[in-house]
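For reference, the structure discussed in these notes is given below.
The values are calculated or read from the model by the stated rules, or taken from the named source; none is laboratory data. Values in this document were obtained by computation on a predicted structure and should not be read as measured data. A quick note on method: Cβ atoms are made from the backbone with ideal geometry, for glycine too, and the neighbour counts reach across all protein chains shown. Accessible surface areas use protein heavy atoms only, side chains included; no ligands, DNA or RNA. Shrake-Rupley method; radii C 1.70, N 1.55, O 1.52, S 1.80 Å.
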Amino acid sequence: HCFASGDEFYNRLHDADGFTIIQSAKSGFFVYADTDARGNIIETEYIAGVSDPKALGLNPNIMISQEEYHKRRESKMAYVNVSKNRDDAVLNHGNYNNIVVFIKFKGDKDFSTTTTKLESMFNSDGRYDVSMNNYFKNATYNQLSMDSYYFPVPDGEIVLSYEDIYPRNYYQPYNEVTNPEGYTNQAEREFPLLKRAIEYIADQVPDTLNIDRDNDGYIDNVIFVVKGNVGDWSDLLWPHMWSMYGEEAYINGKRVGTFNFQLETSSYFTVSTLCHEMSHSMGLPDLYHYKSNQDHLSPSGPWDLMCGNANPPQHTSTYMKYKYGTWIDEIPEITEYGTYTLEANSWEGGRRNCYKIATKYSDQFYLLEYRNDNNFFETGLPSGGLLIYRIDTRFHGCADYNGTNEFDEVYIFRPGGSQHQDGSINAAAFSKENNKTVFNHTTNPAEKPSSFMGR
């Protein structure tokens, strides 16, 4: 059994015990990985599924260094929204017209997903429908709706697609033995593909459809859905958000910039993944750490869509909605003892969804919010109750965390958690039912100076 783990910046194959698997550049076989004296990942002669990595003394969880991960991430993110000056007050409110373009590779069969299925995932607006449109209506307190339009225009229930001039292996990594036609530079293959697809469907998009609501010359967002599964060891064929540069593609005079990339038959092609990537397009950062053996494995764990996707997609924290989504105008501050009422993060009223309490550090504060696991988008939560966060305004998201000079912007207090222990993130909620109703310097979790990262 082989597993794939990671994100759009780096992902790896591994077995059930975490032993990393890479494809040999010499033989083409998938073999277990090792590291050299400099810490570089190298191939061994031991074929996965044949050799026993434990008996051979290999180390599990071999992956690129954190420095290399951040180098890759920064390289890609440098182009996100560089070409446009985002106006979140416009783009994250009102009616969002989202373009969805379907692509298959040369020789591929037609899409198996039906138009009805797409409508269920993208546009359904029944009160309890789990769709991308309904998620953002709920998560933004009815400040944003999202209509998706499919191109090429479907033929009834049949999803039509642009067929590219190259086969699938052209968009998978180069291997001298098994894939000599593969790529060594992702952008050089991906962007021309997307440009050809846009040129194929451009004249089908009505010029009356507003696809540039902030009028900056760029299409607000495009989702490309590609036939097939994720590339097992690939960065290109993996769900991601990016911005096109070096290639120019236009629809009705508006240029393609920010886009999401999805795989149709992948287990990742879900409403949850659609909402996660679309949230990136709206400016929300990731809240997970790159390395699973770092301090605080999950700053927010299953409590935030930008840390760990639930199905159906759970809400992001009220802080994320406030700072990045601009769906909460202000976070009221508690400055004196008293009784205060919190409405659920998911409550569409959006009036009393969070409070903050100052600390002795001007750039850090506590944030309080209530999560209702009976809300239809919150049923994947471990429980309901009060969450207590430490917010550090010096940082942007949590993906850059290194425990030295980069720390978490958003961190949820949880039993057993500290700067050096992850603790039980699933048990973070305070409630009478969870037997947690007090938070101070003697409780578990505890309010202690060591809880404030980098101090």
- Could you tell me which label, among [x] 61, 57, 44; [y] 68, 63, 35; [z] 68, 53, 45, carries the value of Cα extents along the principal axes in Å calculated for this structure? [y]
- Task: Please tell me which of these pairs span more than 29 angstrom C-alpha to C-alpha: LYS360/LYS436; LYS321/LYS432; LYS137/LYS432; LYS356/LYS432; LYS26/LYS71?
- Result: LYS137/LYS432
- Message: Out of the chymotrypsin sites (Phe, Trp or Tyr not before Pro) in region 104-155, which ones are loop residues according to DSSP with at most 13 other C-beta atoms within 10 Å?
- Response: TYR128
- Task: Compute the distance in nm between two label points, each set 7 Å from the Cα along the Cα-to-Cβ direction, one at THR393 and one at ARG127.
- Result: 3.9
- Note on the structure: In the chain the DSSP beta bridges are antiparallel at a rate, in percent to nearest 5, of 60
- Task: Would you mind calculating the relative contact order of region 233-351 from Cα pairs under 8 angstrom and at least 6 residues apart, reporting the percent as a whole number?
- Result: 16
- Task: Could you give the C-alpha radius of gyration of region 146-258 expressed as a fraction of 2.2 N^0.38 Å, taking N as the number of residues it contains?
- Result: 1.15
- With all protein chains present, region 118-260 has a carbon and sulfur share of its accessible area (1.4 Å probe) in percent of 45
- Item | Estimated inter-spin distance, GLU330 and ASP155, nm [label 7 Å along Cα→Cβ] | 5.8
- Query: Can you work out the FRET efficiency for the pair ARG38 and VAL177, with r the C-beta to C-beta distance and R0 = 22 Å, to the nearest 0.05?
  - Reply: 0.30
- The extension gain from GLU67 to VAL90, computed as 0.36 nm times the residue separation minus the Cα-Cα distance, is 4.7 nm
- Query: Put +1 on the Cβ of every Lys and Arg and -1 on every Asp and Glu Cβ in the chain; which of PHE3, TYR288, VAL101 then has its Cα farthest towards the positive end of the dipole?
  - Reply: TYR288
- Item | Net dipole in debye of region 326-388 [+1 Lys, Arg Cβ; -1 Asp, Glu Cβ; about Cα centre; nearest 20] | 140
- Message: Test of the criteria: in region 90-151, which trypsin sites (Lys or Arg not before Pro) are in a DSSP loop and have at most 12 other Cβ atoms within 10 angstrom of their Cβ?
- Response: LYS106, LYS109, ARG127
- Note on the structure: For region 359-400 the trypsin sites (Lys or Arg not before Pro) that pass both the DSSP coil test and the at-most-14 other-Cβ-within-10 Å test are LYS360, ARG394
- Message: For the chain, what does the accessible surface come to per residue with a 1.4 Å probe? Please give it in Å².
- Response: 44
- Per the C-alpha gyration tensor (a ≥ b ≥ c, the square roots of its eigenvalues), region 327-429 is rounded if a/c is under 1.5, else prolate if a/b beats b/c, else oblate; here it's oblate
